[in-house]
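Structure record follows, encoded as structure tokens.
The values are calculated or read from the model by the stated rules, or taken from the named source; none is laboratory data. This is a predicted model, so every value here is computed, not measured. Backbone-built Cβ (ideal geometry, glycine too); neighbour counts: all protein chains shown.
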């Protein structure tokens with residue numbers, strides 16, 4: 001009996017996703033543990049491996065949006081009869097098709113047999129993204145077709161493989177011949193970099209990677225788009241990045257998820273925020289010493305790392321802050337796993353550092369650096385998001401003195417890290433210049449009252465003002 005291949009559910013908030021790439025061709029063999037397909041969701045790109053040996057049969061095409069848990073394919077064991085086609089493919093979450101009405105002054109055209117494919121130059125959005133399936137973009141690269149000039153026949157005008165194939169046969173949308181493309185094997189690149197390159201028609205072989213081991217990352221693709229580094233010759237200058245005045249930005253993908261979760265968090269919990277000033281003079285000196293000490297190892301702790309360590313150590317003494325309010329009971333979490341908010345162009349993601357209370361500052365700095373890099377490369381996995389019990393978010397790098405962070409449900413608290421500034425302490429009647437910072441703690445009043453929340457914040461402050469306690 002064939003084994004199902006499911007669309008993996010990544011996190012509780014995932015509502016849809018797609019197979020962005022099949023690593024095992026339809027009808028090809030796979031070994032247990034080998035990668036079988038690439039999952040793409042609103043937040044996560046994840047390579048999914050096989051649980052079984054056998055022959056892979058695809059049920060879902062690349063680029064079709066479906067729900068988590070849907071079957072995307074099967075693995076047939078040796079000796080099993082394998083049908084040529086499989087029934088029961090899940091219905092795609094298609095966009096509504098809006099058929100344009102013919103202009104009143106133009107009569108409807110009569111059907112014409114074997115009519116040439118109509119190719120136009122559609123007005124692309126300012127972010128450079130043209131609605132098209134990954135398979136269509138990949139085929140366009142192989143055939144030397146400028147897919148941005150192809151009129152899509154899919155849902156909502158989406159460009160599909162058939163449109164690219166037809167455009168190639170008509171020759172109307174041909175661009176550079178394959179000979180003009182860069183040659184050689186495709187270099188290593190993060191999933192997000194691959195997706196951006198595909199969307200913007202950039203040949204990865206023409207891009208120099210700046211990531212670890214020469215890996216191509218998101219910033220390399222964005223720079224290539226600006227400088228016109230595409231396989232096949234020069235391109236027009238890139239349009240200004242980001243939304244422009246007068247535009248309507250659709251709320252979808254990661255932005256839709258963030259909007260929904262933040263609104264739900266504020267509706268469902270009793271959130272309050274308090275600020276507290278911290279003398280960071282000793283913490284600044286300690287970090288400077290640690291940066292020098294670990295320079296040869298490539299470890300550079302940040303101020304946020306030091307705050308995360310203080311937050312975790314204080315949670316050990318104040319376990320109610322490391323809890324979840326579940327209506328009829330408050331659950332004190334057995335682990336201290338700190339989520340760290342990472343800002344991306346698409347929105348905010350919160351990978352999790354597990355068991356922070358058991359990590360040294362050096363180990364913590366390595367892990368936060370790994371997670372931040374993976375987040376920006378679109379390479380975070382399921383485990384990187386799981387199990388957070390408290391969150392730390394930082395805006396100090398933007399010069400922020402105070403803000404109101406929103407709790408990442410079902411957690412009971414989140415700590416905001418603000419800028420370090422030149423403050424004053426008093427030595428008798430004499431003012432002394434010193435480094436200071438404000439902390440912004442938001443907590444759920446359903447789980448924790450104001451006094452214990454303030455006691456917790458005082459403990460974090462005291463740890464930062466005596467940072468040697470974080471080293472033991």
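Only one of the numbered conditions (1) modelled with pLDDT of 90 or more; (2) under 18 Å from the mean Cα position of the chain (by Cα) is violated by residue 406, and that is (2). Annotation: of all residues in the range 385-401 being surrounded by 20 or more Cβ atoms within 10 Å (Cβ to Cβ) and without any contact (Cβ under 8 Å) to a residue 60 or more places away in the chain, the one that is farthest from residue 262 (Cα to Cα) is 388.
Considered as a group, the residues in the range 328-376 that are in a loop (DSSP other than H, G, I, E, B) and out of contact with any helix residue (DSSP H, G or I) (no Cβ under 9 Å at 6 or more places or on another chain) include one that is nearest to residue 302 (Cα to Cα), and that residue is 341. Per the conditions (1) under 30 Å from residue 447 (Cβ atoms); (2) modelled with pLDDT under 70; (3) in contact with a helix residue (DSSP H, G or I) (Cβ under 6 Å, 6 or more places away or on another chain), the sole criterion not satisfied by residue 238 is (1). Farther than 30 Å from residue 342 by Cα and either modelled with pLDDT of 85 or more or surrounded by fewer than 18 Cβ atoms within 10 Å (Cβ to Cβ) (or both), is that true of residue 86? Here the answer is yes, as residue 86 does meet what is asked.
Please enumerate the residues belonging to the range 288-312 that are in contact with a helix residue (DSSP H, G or I) (Cβ under 6 Å, 6 or more places away or on another chain), over 23 Å from residue 387 (Cα atoms) and crowded, with 19+ Cβ neighbours inside 10 Å. Matches in the range 288-312: 301 only. Of the candidates 315, 332, the single residue that is surrounded by fewer than 18 Cβ atoms within 10 Å (Cβ to Cβ), touching a strand residue (DSSP E or B) at 6+ places or on another chain (Cβ under 9 Å), in the same structural domain as residue 411 (by TED's automatic domain parsing) and modelled with pLDDT of 95 or more is 332.
Checking the structure you have, find out if any residue of the range 402-413 is in contact with a strand residue (DSSP E or B) (Cβ under 7 Å, 6 or more places away or on another chain), within 11 Å of residue 276 (Cβ to Cβ) and touching a residue at least 60 places away in the same chain (Cβ under 8 Å). Taking every residue of the range 402-413 in turn, at least one turns out to be in contact with a strand residue (DSSP E or B) (Cβ under 7 Å, 6 or more places away or on another chain), within 11 Å of residue 276 (Cβ to Cβ) and touching a residue at least 60 places away in the same chain (Cβ under 8 Å). Residues that are part of a loop (DSSP other than H, G, I, E, B), farther than 16 Å from residue 379 by Cα and at pLDDT 70 or above do not occur anywhere in the range 212-222. Scanning the range 19-56 for residues that are part of a strand (DSSP E or B) and in contact with a helix residue (DSSP H, G or I) (Cβ under 8 Å, 6 or more places away or on another chain) turns up 20, 21, 38, 40, 45, 46, 47.
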